[in-house]
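Here the structure is laid out as structure tokens; the discussion comes afterwards.
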Ligand SMILES: Cc1cc2nc3c(=O)[nH]c(=O)nc-3n(C[C@H](O)[C@H](O)[C@H](O)COP(=O)(O)O)c2cc1C
């Protein structure tokens, strides 16, 4: 990489994260554990541990296990709807994690302020310009804009449109871009447009160091972009966050679960919030079934559209070197 020609925004991203390459390994439940996270950070990128639905002690163990494998910085992703969020926030600060990425809905002022007071830098997902500005007013230190092309839970707007709506308008904090990114040319284009760096998930699933089951990795290698489809919402009585995954029999299981919950909400048997939480927990189990147990037929194979660009299993170092090769 020719450092002299590297855009200022990239240098800002690297400085903010404290890394050589502002490439974030986006948190992936079950998969972004200490092995993959340490490998990404050791390769000069920024690994992010997935807090997911983990209890405090288990996540603390993961943080410590990551530290045993790398002296480089890494972050922790917390889901704002986690019932133990305040305890998780305190634990992350106690463990001296430098950066916390808050996902799963708009974080409360209190969460952001507490993290900052405890010395943790706060990174949040911004789904629109108005919300990006509100999050900056609440104290967010950096933003991630994640397009609908991404794997896992997604918003409705594409990376290209979010780039024009948010990236081109915000210069007070670093803005990282995610969703549909798989190669160095794309990274260089986004950084050239002002991105502080890029976050990838799908491509890192096929890293040699990723603990995903071989069946899960091979499903990625076989898939085309069009196979990674967003789930449907059947009735506004039960709002669901769309999830992008490879279509399989597990997609039908989700649809059946959703229909069953809609009936239970309609008949007053179940509260809407409880039903939404049940659906979220369904995903946790379904992803584990595919990603860890290897049941790619009935489990959830969450993947972004960039899955069509993933052609082989490679060491993390090789992936990161390729991602920064056009800068
Ligand atoms: C299998 C899988 C699981 C994911 N789990 C999470 C998660 O637990 N928390 C989160 O914030 N994002 C999650 N994501 C999103 C990634 O962190 C990342 O932002 C996204 O994958 C980037 O887009 P890409 O898939 O096009 O690279 C997940 C993505 C995948 C593919």
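Scanning the range 156-177 for residues that are within 11 Å of the ligand (Cβ to nearest atom) and closer than 16 Å to residue 101 by Cβ returns 176, 177.
Pick from 130, 196: which is surrounded by fewer than 24 Cβ atoms within 10 Å (Cβ to Cβ) and either more than 14 Å from the ligand (Cβ to nearest atom) or under 20 Å from residue 242 (Cβ atoms) (or both)?
130
Just one of 180, 147 is buried (at least 20 other Cβ atoms within 10 Å of the Cβ), within 25 Å of residue 42 (Cα to Cα) and within 14 Å of the ligand (Cβ to nearest atom); which is it? The match here is 180.
Return the residue satisfying two criteria in turn: it lies in the range 229-250 and is within 13 Å of the ligand (Cβ to nearest atom) and out of contact with any helix residue (DSSP H, G or I) (no Cβ under 9 Å at 6 or more places or on another chain), and of such residues it is farthest from residue 303 (Cα to Cα). So the residue we want is 242. Summed over the range 283-301, residues that are surrounded by 18 or more Cβ atoms within 10 Å (Cβ to Cβ) and touching a helix residue (DSSP H, G or I) at 6+ places or on another chain (Cβ under 9 Å) total 10.
Listed here are the residues, each with its yes/no results for (1) assigned to a helix (DSSP H, G or I); (2) within 17 Å of the chain's Cα centre (by Cα); (3) buried (at least 22 other Cβ atoms within 10 Å of the Cβ); (4) touching a residue at least 40 places away in the same chain (Cβ under 8 Å).
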| site | (1), (2), (3), (4) |
| --- | --- |
| 24 | no, yes, yes, yes |
| 27 | no, yes, yes, yes |
| 35 | yes, yes, no, yes |
| 41 | yes, yes, yes, no |
| 53 | no, yes, no, yes |
| 83 | no, no, no, no |
| 90 | yes, no, no, no |
| 102 | no, yes, yes, no |
| 115 | yes, no, yes, no |
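Note on the range 294-306: among residues that are outside any loop (DSSP other than H, G, I, E, B) and under 16 Å from residue 31 (Cα atoms), the one that is nearest to the ligand (Cβ to nearest atom) is 302.
Given the condition farther than 25 Å from residue 105 by Cβ and either crowded, with 20+ Cβ neighbours inside 10 Å or in contact with a strand residue (DSSP E or B) (Cβ under 8 Å, 6 or more places away or on another chain) (or both), answer yes or no: does some residue in the range 254-274 qualify? No, the range 254-274 has no match at all. For the residues 47, 13, the requirement of being within 16 Å of the ligand (Cβ to nearest atom), in contact (Cβ under 8 Å) with a residue 24 or more places away in the chain, in a helix (DSSP H, G or I) and touching a strand residue (DSSP E or B) at 6+ places or on another chain (Cβ under 7 Å) singles out 13. As a summary of the residue check, residue 190 satisfies the conditions (1) under 24 Å from residue 143 (Cβ atoms); (2) away from the ligand (no atom under 14 Å from the Cβ); (3) without any contact (Cβ under 8 Å) to a residue 40 or more places away in the chain except for the one numbered (2).
The helices (runs of 4 or more DSSP H) found wholly in the range 147-263 and carrying at least 1 residues that are more than 18 Å from the chain's Cα centre (by Cα) occupy 159-162, 184-192, 214-222.
Every number in this text was worked out from the coordinates using simple rules, so none of it is lab data. In this text the structure is predicted, and so the values were computed from the model without any measurement. In this analysis, Cβ positions are derived from the backbone assuming ideal geometry, glycine residues included, and neighbour counts consider all displayed protein chains.
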